[in-house]
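Let me begin by presenting the structure, written as structure tokens, before commenting on it.
The values are calculated or read from the model by the stated rules, or taken from the named source; none is laboratory data. These numbers come from a predicted model, not from an experiment. Glycine also receives a Cβ, built like all others from the backbone with ideal geometry; neighbour counts cover every protein chain displayed. SASA here: full protein model, heavy atoms, side chains in, ligands and nucleic acids out. Shrake-Rupley method; radii C 1.70, N 1.55, O 1.52, S 1.80 Å.
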Amino acid sequence: MARRPGTPRLLRELNDRAALDLLVEQGPLTRAQIGEHTGLSKVTASQLLSRLEERGLVAVVGEQAGGRGPNAALYAVVPSSAYVAGLEVGPDGVTAGVADITGRMVAKVTVDPNGSDDPVKTVHSAVVKACRSAKVAAGRLKAFVIGTPGVVDPRSGDVKFAFDLPSWHEGVLAALRTDLRRPVTIENDVNLAALAERAYGAARHADDFALMWFDRGMGLSVMLGGRLHRGRSGGAGEIGYLPVPGAPLPLGAARRPEDEGVTESTTWGIPALAGGYGSLVGADAVRALAHEHGIAEPTAVDCVRAAVADEERGGSFLDELAVRISYGVISVNVVLDPGLVVLSGQLGHAGGAPLAARIERAVGRLSPTRPTVAVTEVEGDPVLRGAVHAALERARDDVFSAPGED
């Protein structure tokens with residue numbers, strides 16, 4: 001039997017979703033404005049708004065004065081129609097943010113694991129505390145997205161390996177879904193930072209770009225054609241292992257399980273502590289380089305900030321650091337030619353425009369093409385914002401999908 005494209009039900013769903021997305025993006029609108037933006041007639045727009053009001057998804061929030069005749073009602077998405085949670089997991093704790101369906105963050109809490117190595121217990125505690133702070137019942141959360149360092153298997157969705165989170169391993173995702181009784185997604189933290197950058201930052205609406213993360217650790221996320229590139233095994237972006245000039249090779253980093261007769265979870269992604277790109281641009285290496293140049297602050301981020309604040313004193317350090325960082329940028333550029341590279345993480349943010357400009361010049365000297373090197377423009381915690389953003393996309397697909405009859 002032939003399919004019937006464009007059934008009344010499908011058309012209603014498409015129109016409803018278009019209107020809801022429009023209201024989320026642009027805020028309160030009148031019926032006429034919704035019709036103007038979507039191309040719907042006044043009658044169709046009125047029917048659409050009536051349906052959405054009945055479902056509790058939109059409500060009249062005010063009036064807009066016009067010319068002659070009565071004022072036009074302003075419609076907006078009901079914020080409390082659904083909530084989501086985004087979480088960032090690190091070795092020192094879990095930060096959870098709860099947002100309403102419009103994307104407004106209504107609570108943010110950080111939970112110390114207090115010595116517990118049980119991921120489910122720690123996440124559960126963070127979610128409960130965030131919900132209490134937001135005065136939102138946990139049962140009203142429609143989606144959870146959790147950002148973790150390390151490799152996430154793109155097929156199973158489980159954490160494959162996280163060096164400083166050994167308790168996050170295969171099986172954690174199923175346990176979290178059982179405990180939270182809601183859709184849960186685990187994503188690499190740098191990938192989430194890239195999602196936030198595309199939604200709110202320097203890569204806003206860019207289909208192709210690379211984000212380089214310099215913080216406690218380092219990482220890379222690549223967006224191609226508007227989609228994250230994770231790689232076959234989820235290892236795309238482990239740029240710390242990249243062989244570069246001036247650093248010993250990261251020998252042993254790619255050992256396979258069969259090489260030594262041990263399980264994959266104990267060997268995949270063992271970090272190369274003494275070689276590769278990471279040994280040149282990791283926090284310890286950056287701090288040591290700064291000290292060589294007379295910048296003696298206690299942390300790598302503090303050193304970079306001090307150098308940027310006084311370029312006469314710190315310029316030579318920034319020059320050398322930019323050359324080191326450029327090795328990774330060049331490698332990404334000559335293979336993928338993304339056009340835009342964004343520096344993120346605390347260290348990338350601290351370097352700001354002075355470091356970005358130096359990197360761009362260094363890349364231009366050594367690469368056949370010269371990408372724009374920009375600094376993150378995401379406000380607040382980029383990983384958490386990316387997690388909330390991803391959770392909102394999943395929740396809106398669920399909540400905004402209109403049940404109906406043909």
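What is the ratio of the Cα radius of gyration of segment 125-174 to 2.2 N^0.38 Å, where N is its residue count, to two decimals?
Computed over Cα atoms of segment 125-174, the ratio equals 1.38.
If you line up the long axis of helix 8-26 against the longest principal axis of the chain, both from Cα atoms, how many degrees apart are they, to the nearest 10?
Orientation of helix 8-26: about 60 degrees from the principal axis.
Would you mind computing the Rg to Rh ratio of the chain from its alpha-carbon coordinates, Kirkwood style for Rh?
Using Cα coordinates only, the ratio equals 1.03.
How large is the Kirkwood hydrodynamic radius of segment 282-357, in angstrom, based on all distinct alpha carbon pairs?
On the way: mean 1/r = 0.0793 Å⁻¹.
Averaging 1/r across every pair of different Cα atoms and inverting gives 12.6 Å.
Which three lengths, in whole Å and largest first, does segment 1-134 cover when its Cα atoms are put on their principal axes?
65, 52, 21
Determine the share of segment 268-406's accessible area contributed by carbon and sulfur atoms, expressed in whole percent, with a 1.4 angstrom probe.
Taking all protein chains in place, segment 268-406 shows 49 percent carbon and sulfur surface.
Sorted by average packing, counted as other Cβ atoms within 10 angstrom per residue and highest first, what order do 82-90, 156-164 take? Working shown, then result.
Numbers: 82-90: 26.6, 156-164: 18.6.
So the peptides 82-90, 156-164, ranked by packing, come out 82-90, 156-164.
In µm²/s, what is D for segment 310-403 at 25 °C and 0.890 mPa s, where D = kT/(6 pi eta Rh) by Stokes-Einstein and Rh is the Kirkwood radius from Cα pairs?
Estimated diffusion coefficient is 162 µm²/s.
Calculate, for segment 161-260, the solvent-accessible area per residue in square angstrom, rolling a 1.4 angstrom probe over the heavy atoms of the protein chains.
50
Checking a compactness column here: for segment 203-252, what do you get for Rg(Cα) / (2.2 N^0.38 Å), N being the number of residues? Present the calculation step by step, with values, prior to reporting the outcome.
Values: Rg = 12.9 Å, N = 50, 2.2 N^0.38 = 9.7 Å.
Its radius of gyration relative to the 2.2 N^0.38 Å reference: 1.33.
In nm, to one decimal, how far is the Glu53 label point from the Glu292 one, both placed 7 Å along Cα→Cβ?
Result: 7.0 nm between the two label points.
Which of the peptides 140-150, 337-347 is most tightly packed, and how do the rest follow, judged by the mean count of other Cβ atoms within 10 Å per residue?
Sorting 140-150, 337-347 by mean packing, highest first, produces 140-150, 337-347.
Can you grab the distance from the C-alpha centre of segment 355-375 to the C-alpha centre of segment 152-218, Å, no decimals?
27
Just need the relative contact order of segment 269-369 here, percent rounded to a whole number, with Cα pairs under 8 Å and 6+ apart.
Relative contact order of segment 269-369: 26 percent.
Can you order the peptides 319-329, 46-56, 98-108 by their average number of other Cβ atoms within 10 Å per residue, highest first?
319-329, 98-108, 46-56
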